[in-house]
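Colleague: Below is one structure. I have some questions about it.
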Amino acid sequence: QCDLQGLWRNELGSNMTLSALDATGTFSGSYHTAVAATNKQILLSPLQGTQQHPNGKGHPTFGFTVQWQFADSTTAFVGQLLVDRSGKETLETTWLLREEVPSRRDTWKATR
């Protein structure tokens, strides 16, 4: 059975803590990135998300957003929780980061 709740770390040293799912599949938590394009102090940042199949069947997909506390940007992550033959759980994700820009003219450089 796949369970998103708990502490997760990635290969770059970032980590996040996710709460238990509620009955509708909603969760919250915090994200601490080890990688940022800023000279500011990196701060723990809140996240909110949802998971498909909150009853625990299959290998659920999920999505969450992180509201960065040290930058004028938001990141959206989507992914799936997979389990290998030895029982190791892995989150396979992709993300988009949107930075605040001063005008529509600058929007081309706002998303990574």
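Colleague: Of Thr74, Thr61, Leu18, which is farthest along the charge dipole of the chain in the positive direction, counting Lys and Arg as +1 and Asp and Glu as -1 at C-beta?
Modeller: Thr74
Colleague: What are the ³J(HN,Hα) values, in whole Hz, obtained from phi via the Karplus relation 6.51 cos²θ - 1.76 cosθ + 1.60 with θ = phi - 60°, for each residue of the range 19-29 in sequence order, with x given for Gly and Pro?
Modeller: For the range 19-29, the Karplus curve yields 7, 5, 6, 8, 4, 9, x, 8, 9, 9, x Hz.
Colleague: Could you rank Asp22, Asp106, Asp72 by how accessible they are, 1.4 Å probe, largest area first?
Modeller: Asp72, Asp22, Asp106
Colleague: Give me the accessible area per residue for the range 6-109, probe 1.4 Å, as a whole number in Å².
Modeller: About 67 Å² of surface per residue is accessible.
Colleague: With charges set only on the Cβ (+1 for Lys and Arg, -1 for Asp and Glu), what does the dipole of the chain come to about its Cα centre, in debye to the nearest 20?
Modeller: Rounded to the nearest 20 debye, it is 240 debye.
Colleague: Which percent of the accessible area of the range 6-109 is formed by carbon and sulfur heavy atoms (probe 1.4 angstrom)?
Modeller: Here it works out to 51 percent.
Colleague: Sticking with this one: Please compute the contact order of the range 6-109 in relative form: average sequence separation of alpha-carbon pairs under 8 Å and at least six residues apart, divided by the residue count, as a percent.
Modeller: Result for the range 6-109 is 16 percent.
The values are calculated or read from the model by the stated rules, or taken from the named source; none is laboratory data. Remember, it's a predicted structure, so these values are computed and weren't measured experimentally. Because the Cβ atoms are built from the backbone with ideal geometry, glycine has one as well, and the counts that use them run over all protein chains shown. Note: accessible area is taken over every heavy atom of the protein model, side chains too, but ligands, DNA and RNA are not part of it. Shrake-Rupley method; radii C 1.70, N 1.55, O 1.52, S 1.80 Å.
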